[in-house]
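What follows is one structure encoded as structure tokens, with my remarks underneath.
The values are calculated or read from the model by the stated rules, or taken from the named source; none is laboratory data. Since the model is a prediction, treat every value here as computed from it, not as a measurement. Quick reminder, even Gly has a Cβ in these numbers, built from the backbone with ideal geometry, and neighbours come from all protein chains shown.
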């Protein structure tokens, strides 16, 4: 290992298992001292009795908590300390950041990975579903950033990586999750512009890697397809499984964003898979404009001008045969 992060201190929220765990381990391998985090001790561990033996073994192997991740880092020769608490609570997030300062003396890297997962059509989404999927991710990111950023500004260095999802573009059946991740992208881009003068970068990645949440949703999707008599597309299934490899394999890109060499990268959104594919999203840009200088538009004018001038060749996403 290059130990490019030697001397740096990182917080990785939601790092008891899955993507967060893989990132925490990856940062530690590069020399960072890491504060691991999840809500409660062993809160991610379960017997998974409703799954078959093969599925259950995989889910148990992928499960853990802040202490199990910290212990793994320490066994490998790194430095880590666990912190239990829900970062969706503002004061808890403050204690998390303070733990990093008190334990290791500074805070250089903040990875906001804590999230609540779920799926379902909008008409089936209850208030508690909405809150569970939006509050930990979006408010949690605000909470930790609001406490960590002042320290980063003072030391004139900081690297923030917000974990979003490719669902930020809007995915049918994931309305709450899509909304939360779109908010994270907006937060990322706005704060990147504000903090660049202090050598504090803010980027977002949309990861694909092994996690209990992914496996549970993947199993549920396969079961639903089977119940409806839908034949699996084996090629597509293999592509999904290949991209969702060990979470440690996507950690190097997060570690790269945390280096001094990556100081020029900020306000960007990347899709990163565990099998080595990294894609940068383009920034949204205005496309077509109609403008009338002498008076407000009339309804008759708009009915004629909008399809001819502004929305020529336009196809509504609602009419696409495949929702993405």
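The set of residues in the stretch 180-194 being in contact with a helix residue (DSSP H, G or I) (Cβ under 7 Å, 6 or more places away or on another chain) and touching a residue at least 60 places away in the same chain (Cβ under 8 Å) consists of 180, 184, 185. Within the span defined as the stretch 95-107, one or more residues are touching a strand residue (DSSP E or B) at 6+ places or on another chain (Cβ under 6 Å), farther than 17 Å from residue 188 by Cα, assigned to a loop (DSSP other than H, G, I, E, B) and at pLDDT 95 or above. Against the conditions (1) within 24 Å of residue 279 (Cα to Cα); (2) surrounded by fewer than 20 Cβ atoms within 10 Å (Cβ to Cβ); (3) modelled with pLDDT of 60 or more, residue 218 satisfies every one except (3). Being touching a strand residue (DSSP E or B) at 6+ places or on another chain (Cβ under 6 Å) and free of Cβ contacts under 8 Å to residues at least 24 places away in the same chain is the filter here; which residues of the stretch 255-280 pass it? Within the stretch 255-280, 279, 280 qualify. Screening the stretch 1-88 for helices (runs of 4 or more DSSP H) wholly inside it with 1 or more residues that are in contact with a helix residue (DSSP H, G or I) (Cβ under 9 Å, 6 or more places away or on another chain) and at pLDDT 95 or above returns the ranges 18-29, 66-75.
Tell me which residues, restricted to the stretch 195-215, are touching a helix residue (DSSP H, G or I) at 6+ places or on another chain (Cβ under 8 Å), modelled with pLDDT of 85 or more and in a helix (DSSP H, G or I). Explain how you work it out, then say what you get.
Filtering the stretch 195-215 down to residues touching a helix residue (DSSP H, G or I) at 6+ places or on another chain (Cβ under 8 Å) leaves 195, 198, 200-215.
Next, from what is left, pick out any that are modelled with pLDDT of 85 or more: 195, 198, 200-208.
Listed by number, the residues that qualify are 195, 198.
Is one or more of the residues making up the stretch 245-253 modelled with pLDDT of 95 or more, buried (at least 17 other Cβ atoms within 10 Å of the Cβ) and not in a helix (DSSP H, G or I)? Among the residues of the stretch 245-253, not one is modelled with pLDDT of 95 or more, buried (at least 17 other Cβ atoms within 10 Å of the Cβ) and not in a helix (DSSP H, G or I), which makes the answer no. Within the set 174, 138, the sole residue that is farther than 19 Å from residue 209 by Cα and either at pLDDT below 95 or touching a helix residue (DSSP H, G or I) at 6+ places or on another chain (Cβ under 6 Å) (or both) turns out to be 138.
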